[in-house]
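Some notes on the structure that comes next.
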Amino acid sequence: MIKSILIINNHGKPRLTKFYEYMNVDKQQQIIRDLFLLVSKRADGACNFLEVGPNDNIFDKDTKVIYRHYATLFFVFCVDSAESELSIIDLIQTFVESLDKCFENVCELDLIFHIDKVHYILDEMVMGGLVIENNSTVIVSNYEVQNRIEKSENPIMSVLSGIKK
């Protein structure tokens with residue numbers, strides 16, 4: 001099961017946080033700081049899998065941290081020991097590809113200004129800590145259908161999108 005999904009920039013600012021296990025906000029902030037310190041000091045050529053020890057105080061001893069570093073962002077997934085590391089790496093790749101297709105070369109600003117859409121894309125992939133879809137074509141298709149529905153229900157949005165073109 002996936003315990004949390006985080007996107008953190010190179011300066012340690014969280015751009016997306018999704019926790020699938022309840023914990024208070026202070027604990028979440030501590031986890032974000034600790035995970036950033038762990039992944040940011042690793043070399044680019046280092047393995048993208050980390051076993052969390054009992055002294056790390058991040059989750060429990062059953063937790064693995066799997067991450068990828070793209071440009072200025074760390075995509076960090078915390079999972080339990082039942083999850084396959086390679087399937088999570090593939091899920092991270094699918095998530096980034098889906099974001100890239102939906103935002104046409106996604107950047108950190110897209111995550112900041114369109115966080116609702118980023119959460120929608122993530123929810124198409126993972127629900128309640130379980131992977132429900134890992135095909136980027138299906139994810140992007142569902143995202144585009146949702147955008148069309150939003151524009152049809154809000155005539156101001158369709159006028160504004162016509163002006164931008």
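Evaluate the Debye formula for the range 2-164 with equal point scatterers sitting on the alpha carbons, no solvent, and hand back log10 of I(q)/I(0) at q = 0.10, 0.11, 0.17 Å⁻¹, in q order, two decimals.
-0.39, -0.47, -1.03
Mind putting a number on the dipole of the range 2-164 about its Cα centre? Charges go on the C-beta only, +1 for Lys and Arg and -1 for Asp and Glu, and I need it in Debye to the nearest 20.
440
Just to confirm the filter: which GluC sites (Glu not before Pro) across the range 70-165 are DSSP coil and have at most 11 other Cβ within 10 angstrom of their Cβ? Don't jump to the answer; show the numbers that get you there.
Details: sites: Glu83, Glu85, Glu97, Glu104, Glu108, Glu124, Glu133, Glu144, Glu150, Glu153; in loops: Glu83, Glu104, Glu133.
When the GluC sites (Glu not before Pro) of the range 70-165 are filtered for loop state and at most 11 Cβ neighbours within 10 Å, Glu104 remain.
Under a 5 Å amide H to amide H cut-off, with H placed in plane at 1.01 Å, what residues pair with Thr63 once short-range neighbours are removed?
Counting only residues 5 or more places away or on other chains, the set is Val52.
In percent, how large is the relative contact order of the range 2-164, given Cα pairs closer than 8 Å and 6 or more residues apart?
20
How large a share of the accessible area of the chain, in percent, is made up of carbon and sulfur atoms when the probe is 1.4 Å and the other protein chains stay in place? Intermediate results must be reported in sequence, preceding the final value.
Values: 4940 of 9300 Å².
After summing per-atom areas, the C and S share lands at 53 percent.
Please report the accessible area of Asp100 (heavy atoms, 1.4 Å probe, ligands and nucleic acids excluded) in Å², nearest 10.
60
Can you tell me the 0 to 90 degree angle between the C-alpha axis of helix 136-153 and the longest principal axis of the chain, rounded to 10?
With both axes taken from Cα atoms, the answer is about 50 degrees.
Rounded to the nearest 500, what is the chain's calculated 222 nm mean residue ellipticity when only DSSP H runs of at least 4 contribute -39500 (n - 2.57) each, over all residues?
My calculation for the chain gives -15500 deg cm²/dmol from helical runs alone.
The values are calculated or read from the model by the stated rules, or taken from the named source; none is laboratory data. It should be emphasised that the depicted structure is a prediction, and the values quoted were computed from it without experimental measurement. Cβ atoms come from the backbone with ideal geometry, glycine included; neighbour counts cover every protein chain shown. SASA here: full protein model, heavy atoms, side chains in, ligands and nucleic acids out. Shrake-Rupley method; radii C 1.70, N 1.55, O 1.52, S 1.80 Å.
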